[in-house]
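Just so it is clear, none of the values below were taken in a lab; they were calculated from the coordinates. Here the structure is a predicted model, which is why all the values come from computation and not from measurement. No Cβ is skipped: glycine too gets one built from the backbone with ideal geometry, and neighbour counts run over all protein chains shown.
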Amino acid sequence: MSSMLGSGLQVSTKSVRNSIKLFDNQALSDVQIKLRDGERIFGHKQILAQQSEWFFRAFNGNFPVASSKEICLDDEDDDPKAVRAMIRHIYDPEDTVYPSTTCPSFVPPEMMSQVNVFAAADKYDVPSLRVLVISVFTRSMEHKWQNNPQEFCAVIQRLCGPTAVRFADPSLQISAASFCSEHI
């Protein structure tokens, strides 16, 4: 299917439809995601449910959110920036294709922020983002170990210390412990 523009140029409606970015776009949105800092993101239940088992269960279960126009991701332990990064990844996983020396735009360069993004991906069950963060985090450990040992130690303590975060998927902690066993 195509249409004619005023200049006689034919444009495929499929290519126009594919060029529309749906992340935080009200077009066709069927849910608003409320973050702890008060920010709201326009979302689409189908897109969220395709990438996250947590969203799939929330939207298909007997929970009030299944029929609601709003979902609150505003728990005290949710970092709004990390949750936003997670949702951004759900909408644009192609942004994860990047040179090995850089990070995707939605993964912050600070290690503690990377841990927070992993925590969001772990809590809301977004496996593709967990894998991506581990890759970025592993490169960050090498850099921080040499250039900012204070930040490195604080992150390792948060991941592996006595008051460590408990993740359903321990792969980030395993990666950090493995790095420490090789370098310390």
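Quick notes on this structure:
- Sorted ascending by nearby beta carbons within 10 Å, beginning with the fewest, Arg84, Arg36 become Arg36, Arg84.
- Cα gyration tensor shape of the range 20-61, rounded if a/c is under 1.5, else prolate or oblate by comparing a/b with b/c: oblate
- Given charges at beta-carbon only (K, R positive; D, E negative), |dipole| of the range 22-183 in Debye: 80 debye
- In the range 22-183, lysine pairs closer than 25 Å at Cα, eight or more apart or cross-chain: 11
- Ranking of His143, His44 by count of other Cβ atoms within 10 Å, fewest first: His143, His44
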